[in-house]
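The block underneath contains the structure these notes are about, expressed in structure tokens.
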Amino acid sequence: MEKSYTEKIQIHKANKLAGLHPATKFLVVILYSVCTFVLSSIKLTKIGLPLAIIPWFLVVLVLCAVSGAMKKCIKALKAVAFIALVIFLVQTFIVPGGEVLVRFGFIRICEKGLKTAISLSFLILNIAGIFVWFFQTTENKEIARALEESGLNYKATYVFISSLQMINVLSGNSKTIMNAQRARGVETEGNMLVRAKAFFPTLVPLVLGALIGSEERVLTLEARGFSMEGKKTHLFNLEKSGAEGTMKITAILVTVLIVIGRAALWIL
Amino acid sequence: MDIVMECKDVTYSYPLTKKPAIKNLNLKLERGKFYGVIGENGSGKTTLCALLRGFAPSFYKGELQGEVLLEGKNINEYGGEIAAKIGFVFQNPFTQISGIKDTVFEEVSYGLENFGVPAEKIEKRVIDVMKMTNIETLAEKSPFELSGGQMQRVALASVIVLEPDILIIDEPTSQLDPEGTESVFSIIETLKEKKKTIILVEHKIDLIAEYADEVLVFKEGTMIAFRRKQEILSDLSFLEQGVTLPQVAILGRKLQERGLGLSAIPVTEKQAVEVIAEALQERNK
Amino acid sequence: MEGKKYSIKEDFSMLALLIIPVGVAVNFVGGQLASLLKLPMYLDAIGTIFASLLCGPWVGAVTGGLTNVVTGIANPVNFAFIPVNVIVGLVTGFLARRQMFQVWWKWIISILIMAAVSIVVSAPIVVLMFGGVTGGGTSIITAAAMAAGANIWAAFFGTEGVFTVLDRVISFLICWAVIKVIPARTLIKFGCGSNYIKEKK
């Protein structure tokens, strides 16, 4: 039987992990971050390096793989990894402090630097990483609907979704405007002053156009009953994948174990 | 007479302007009639639309004297639900998409969602309206990927689906190509057949001649005439008031001046053919 | 000009709600353009400043914060800087309400305040969360300064200081240019818009 339009606009995910309700996924994100912090306080080796968070990052990678979103996640993780790498290198090789551990010629690695390097870079990798998993397995439409479900005012949801959409629209417009300006002789290569000057003729028309459009859009929204009081209908609804319960229990169990384990180590 | 909207002694000025955009307007609009609004740019036509829809002064600010009534009640006593009583469509197709829906189907449903119409009913209503406005083939496309004419049809659909009795349409085709214009006008024709009350502002006088029952003429903020279409569009004195008249009307008058007796001054092509053929037959007898 | 009473509810009028997405998108595009033109500034607060100037501090704050939430979806590191952009919005908005941009010397003070606040709020975030370096434009200079032995805090403030001031100046000029061109009857629809209308005598 032909699907109705309402059915067609729903999102169905085959993968149980990727298809988890966003609220469950968010719980995982929070608990994972808590565990990361707890694990980072475990000092190993005689200089007290927080090595535990390094293998913990594998959990993010495993989640991404099992959710079937490995490619997307790796792509997004590249940016995060770059920042983590920069921090790692800067802290290890450049920042002084504490005992010198290794020396090759004029490059030195200091104790404090190495500690901070591992701690900061892997904290970032882990936490940003779990957020990457969340966002790469959840579409914007689902995030918006989840926010609404949990009580966010429909006007706020509008602002959220509209922002995402506006970025695409204005991004496209800016390319058009910049090409048009280039054709009129605005230089975009050269010294910094020249490049800075090219900024204005692109951005000013862009902002102006968007502003005037907004004025009219208020009328459009009014004409669609935006300021109506009363309960709204939602054609798009979130589906549960069925694995919510299992996931929640697993996540909570793991967190509890880690916290207890850490407390135990501390006491011994 | 079933008066659905009324303006009583309305004078309105936009903020920071000294000259009123509309002066001393007294107007009664009957349910089910098609009103065409013509006049030069800046004569107050768009202001009229804003007043009738309640956007002036609530959104535009400015000063209003007199009253605008919808079904006997002052229009500012209505809240957001006025969208179900009066539909509003204007020139720019691009600013009439909500910006938050990915498909045309959802875009058209948006108004119904806001009104809290049950989900089961929404689909049927939307499909019916999409058929009527000839956009069913676009149902799963993104509103951002449409042509101007298509967007304008979606805008019309999104408003019609709320089933308002009154529709205010302000120059819907001024930014469209001829094909887009035609598609919009066939929708307006369907609306007329459904006996909606329509207030249409247009420069394309031949189209007003085709569909309107009565015509309002504006000049410099004042309504200088409000009569049946036939009377206004065949009256060449309006040419001096900055109004364009249908070419067939001008032709008709000129023929009359040269001695060809016409039974009536035509305002549409069809009428012109009938009336001139009749006159020629008479002559050849 | 007499003191005007503002209410948060009025600030968030329908038009303000529609300006927020525009502000967020302008922030994004500004940043994109700046990196495309290889300028050593972020220029990613133009939309926030614009929203603050027209609609007040709270709308500006939401614009700023939301920008980081949205860009965080692609790169979660951006979440860390939500407070910075929120503060930019608040400060700009409050300065605008007190007409601190109307006279040239007040304008200079305001720009300095905006830049200073922005640096002061981002400094702890960059230093504590990222060890002073995020890999962005000025970070290389900061890193070099740190290598030379300078204290993290000093290195950060030195480099960020100059470029942030420049950033705010350019951002502000763009907003000003746009506001000048907006017709008065549009400006009046904005909460703070009437500040920018010159009375025609």
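We did not get these values from a lab; they are worked out from the coordinates using the rules stated. No experiment lies behind these values; they were computed from the predicted model shown. Positions of Cβ are generated from backbone atoms using ideal geometry, with glycine treated the same way; all protein chains shown enter the neighbour counts.
Antiparallel as a % of all DSSP beta bridges within the protein assembly as shown, to the nearest 5?
Bridges in the protein assembly as shown are about 60 percent antiparallel.
What pairs from A:Lys155/C:Lys106; A:Lys232/B:Lys45; B:Lys19/B:Lys196; B:Lys85/B:Lys121; B:Lys23/C:Lys9 go past 29 Å between their alpha carbons?
In this structure, A:Lys155/C:Lys106; A:Lys232/B:Lys45; B:Lys19/B:Lys196; B:Lys23/C:Lys9 exceed 29 Å between Cα atoms.
Would you list B:Lys28, C:Lys9 from fewest to most Cβ contacts within 10 Å?
Least crowded to most crowded, the residues run C:Lys9, B:Lys28.
Just checking chain A: which Cys have no other cysteine's beta-carbon under 4.7 Å?
Lone cysteines by the Cβ rule: A:Cys35, A:Cys110.
Using alpha-carbon positions, what is the distance between the centroids of the range A:188-233 and the range B:1-79, in Å?
Taking the Cα centre of each part, the range A:188-233 and the range B:1-79 sit 29 Å apart.
For chain A, find the longest principal axis of its Cα atoms and tell me its angle to the long axis of helix A:192-223, 0 to 90°, nearest 10.
60
How would you rank A:259-265, A:4-10, C:58-64, highest first, on the average number of other Cβ atoms within 10 Å across their residues?
C:58-64, A:4-10, A:259-265
Would you tell me the mean number of C-beta atoms belonging to other protein chains that fall within 10 Å of each C-beta in A:190-198, as a whole number?
3
Which shape class, rounded, prolate or oblate, goes with the range B:73-149 when its Cα gyration tensor gives a ≥ b ≥ c as root eigenvalues, a/c under 1.5 marks rounded, and past that a/b bigger than b/c marks prolate?
oblate
Normalised by the residues of chain A, what does the relative contact order come to in percent, with Cα pairs under 8 Å and at least six apart?
In percent, rounded to a whole number, it is 29.
Residues with amide H under 5 Å of B:Glu30's amide H, sequence separation 5 or more or different chain, H placed in the peptide plane at 1.01 Å from N; which?
Correct list: B:Val4.
Rounded to the nearest Å, what's the spacing between the alpha carbon centres of the range A:239-268 and the range B:206-285? Just the number, please.
83
Please report B:Asp9, B:Asp170 as a ranked list, fewest other C-beta atoms within 10 angstrom at the top and most at the bottom.
Listed from fewest to most nearby Cβ atoms, that is B:Asp9, B:Asp170.
Let's see if you can work this out: charge +1 on each Lys and Arg Cβ, -1 on each Asp and Glu Cβ, no other charges. What is the dipole magnitude of the protein assembly as shown about its Cα centre, in debye to the nearest 20?
2440
Shape call for the protein assembly as shown from the C-alpha gyration tensor, a ≥ b ≥ c root eigenvalues: rounded (a/c under 1.5), prolate (a/b greater than b/c) or oblate?
The shape class here is prolate.
What list of ³J(HN,Hα) couplings, whole Hz, do you get for the range C:82-99 from phi and the Karplus terms 6.51, -1.76, 1.60, once you set θ to phi - 60° and write x for glycine and proline?
Along the range C:82-99, the couplings run 3, x, 4, 5, 5, 5, 4, x, 4, 4, 4, x, 5, 4, 4, 5, 8, 6 Hz.
What is the average number of partner chain Cβ atoms found within 10 Å of a Cβ in C:74-85?
Shielding by partners across C:74-85 averages 4.
Please list the non-local residues whose amide H lies under 5 Å from the amide H of B:Gly39, H modeled 1.01 Å from N, same-chain partners needing a gap of 5 or more.
B:Phe218
Show me C:48-57, A:218-227 ranked by packing, highest mean number of other Cβ atoms within 10 Å first.
Most protected by this proxy first, the peptides run C:48-57, A:218-227.
So for the protein assembly as shown, taking the charge dipole from beta-carbon charges (+1 Lys/Arg, -1 Asp/Glu), which of B:Pro172, A:Ser227, B:Ala264 sits furthest toward the positive end?
Value: A:Ser227.
For peptide B:11-17, how many partner chain Cβ atoms fall within 10 Å of a residue's Cβ, on average?
Per-residue shielding by partner chains comes out at 3.
So who's got an amide H within less than 5 Å of the one on B:Ile22, skipping anything under 5 residues away but keeping other chains? H placed 1.01 Å off N, in plane.
B:Tyr12
Taking θ = phi - 60°, what integer Hz values does the Karplus form 6.51 cos²θ - 1.76 cosθ + 1.60 yield along the range B:184-201, in sequence order, with x for Gly and Pro?
Those phi angles translate into 5, 5, 5, 5, 4, 4, 4, 4, 5, 4, 7, 6, 7, 7, 10, 10, 10, 9 Hz.
In nm, give the distance between the simple-model label positions of A:Lys72 and A:Leu193, each being 7 Å from the Cα along the Cα-to-Cβ direction.
Inter-label distance under the simple model: 4.8 nm.
Taking neighbour Cβ counts within 10 Å as the exposure measure, how do A:His234, A:His12 sort from fewest upward?
The order, fewest Cβ neighbours first, is A:His12, A:His234.
Calculate one ³J(HN,Hα) per residue across the range A:21-28 by plugging θ = phi - 60° into the Karplus curve 6.51 cos²θ - 1.76 cosθ + 1.60, and present them in order as whole Hz with x for glycine and proline.
Result, ordered by residue: 4, x, 5, 5, 4, 5, 4, 4 Hz.
Could you state the angle between the C-alpha long axis of helix B:148-160 and the longest principal axis of the C-alpha atoms of chain B, as a value from 0 to 90 degrees rounded to the nearest 10?
70
Would you compute, from DSSP H runs of 4+ residues alone, the mean residue ellipticity of chain A at 222 nm, taking -39500 (n - 2.57) per run and dividing by the full residue count, rounded to the nearest 500?
Only helices count here, giving -23000 deg cm²/dmol.
May I ask for the distance between the Cα centers of the range B:108-143 and the range B:175-198, given as a whole number of Å?
Computed from Cα coordinates, the inter-centre distance equals 18 Å.
Which of rounded, prolate or oblate describes chain B when judged by the alpha-carbon gyration tensor and an a/c cut-off of 1.5?
It comes out oblate by the Cα gyration axes.
Can you list the lysines whose alpha carbon is less than 19 Å from that of C:Lys38, not counting same-chain residues fewer than 8 positions off?
Candidates past the 8-residue exclusion: A:Lys175, A:Lys197.
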